[in-house]
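*Asks:* Let me begin by handing over the structure; questions about it come next.
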Amino acid sequence: MDARLNLFASPLASKVFTHLTAAGKAVAGSALPAATQELVKIRASQINGCGFCTDMHTKDATAAGESATRLHLVAAWREATVFTAAERAALELTEQATRIADAAGGVSDEVWAKAAEHYDEEQLTALIGLIAVINAYNRVNVIVRQPAGDYVPGMFG
C-alpha cells in the first residue's frame, strides 16, 4: 500500500507539520503524565482508524515501558481494570472530544468534571491540546492513507 501523497518529501507539509510538532512538544513537556499522553494518542488514533499513529504510539509506549496488557486493553478501557481513575477520565474525555461531531452537545459536563477531578488547569490544557494535535495528525494520515507498520521509536526526532 502506498500513500496518496508523499508528505515526507513535501516542503509545504514540512512547514505545516513543524507547527503541529511544536504544539505536540509543548504538551509533551507539560505536567500531564507521559503514560496518559500515550494512552490518549492511542485511543484517539484507534477511534479515527489511523493505523500509522496507532502503530507509532503503541511502539513509543512500549519503548517507554508501558505494559502489553494495558496497550491491548486501550480499545476496551471501560471494561479493563488496569487503568487508574485519572487515566479513565482522560480516555473518556478523549473519546468525547474525538467524536465531537457525533455528540449533540460536544463534551458533556459530567465528563469534563471527571477530568477536572484528576487534572489541574495546566494539565487539562495539555490534555485538550494533545487531543487536538493527535486528531489533526490522524486526519492527515487517514486522508492520505499513510501505511502503518514500519515505524521505529525515535525515527522522527
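The values are calculated or read from the model by the stated rules, or taken from the named source; none is laboratory data. The structure displayed is predicted, hence computed values, not measured ones. No Cβ is skipped: glycine too gets one built from the backbone with ideal geometry, and neighbour counts run over all protein chains shown.
*Asks:* Could we say that Thr36 is over 20 Å from Val142 (Cα atoms) and either among the β-branched types (Val, Ile, Thr) or out of contact with any helix residue (DSSP H, G or I) (no Cβ under 6 Å at 6 or more places or on another chain) (or both) here?
*Replies:* yes
*Asks:* Being farther than 21 Å from Gly149 by Cβ, in contact (Cβ under 8 Å) with a residue 24 or more places away in the chain and among the aromatic types (Phe, Trp, Tyr), is that true of even one residue in region 39-60?
*Replies:* The answer is no, given that none of the residues of region 39-60 is farther than 21 Å from Gly149 by Cβ, in contact (Cβ under 8 Å) with a residue 24 or more places away in the chain and among the aromatic types (Phe, Trp, Tyr).
*Asks:* Can you name the condition, by its number, that Leu73 falls short on among (1) free of Cβ contacts under 8 Å to residues at least 24 places away in the same chain; (2) surrounded by 14 or more Cβ atoms within 10 Å (Cβ to Cβ); (3) in contact with a helix residue (DSSP H, G or I) (Cβ under 6 Å, 6 or more places away or on another chain)?
*Replies:* Only one criterion in (1) free of Cβ contacts under 8 Å to residues at least 24 places away in the same chain; (2) surrounded by 14 or more Cβ atoms within 10 Å (Cβ to Cβ); (3) in contact with a helix residue (DSSP H, G or I) (Cβ under 6 Å, 6 or more places away or on another chain) is unmet by Leu73, namely (3).
*Asks:* For region 122-146, give me the residue count where each residue is exposed (fewer than 14 other Cβ atoms within 10 Å of the Cβ) and more than 15 Å from Gly29 (Cα to Cα).
*Replies:* Residues meeting the conditions: 2.
*Asks:* Given (1) within 18 Å of the chain's Cα centre (by Cα); (2) surrounded by fewer than 16 Cβ atoms within 10 Å (Cβ to Cβ); (3) under 21 Å from Tyr137 (Cα atoms), identify the lone condition not met by Asp102.
*Replies:* Of everything listed in (1) within 18 Å of the chain's Cα centre (by Cα); (2) surrounded by fewer than 16 Cβ atoms within 10 Å (Cβ to Cβ); (3) under 21 Å from Tyr137 (Cα atoms), Asp102 misses just condition (1).
*Asks:* Quick one: in region 106-156, of everything that is assigned to a helix (DSSP H, G or I) and acidic (Asp, Glu), which residue is nearest to the chain's Cα centre (by Cα)?
*Replies:* Glu122
*Asks:* Right, next: Going through Gln96, Gln123 one at a time, which residue ends up being in contact (Cβ under 8 Å) with a residue 60 or more places away in the chain and polar (S, T, N, Q)?
*Replies:* None of the others qualify; the one that does is Gln123.
*Asks:* Kindly indicate which of Ala80, Ala86, Ala68 is more than 25 Å from Ala26 (Cα to Cα), modelled with pLDDT of 95 or more, surrounded by 14 or more Cβ atoms within 10 Å (Cβ to Cβ) and over 15 Å from the mean Cα position of the chain (by Cα).
*Replies:* Just a single option satisfies the conditions, and that option is Ala80.
*Asks:* Let me ask you something else. Would you mind telling me which numbered condition in (1) under 18 Å from Val27 (Cα atoms); (2) touching a residue at least 24 places away in the same chain (Cβ under 8 Å) Pro153 fails?
*Replies:* Unmet for Pro153, out of (1) under 18 Å from Val27 (Cα atoms); (2) touching a residue at least 24 places away in the same chain (Cβ under 8 Å): (1).
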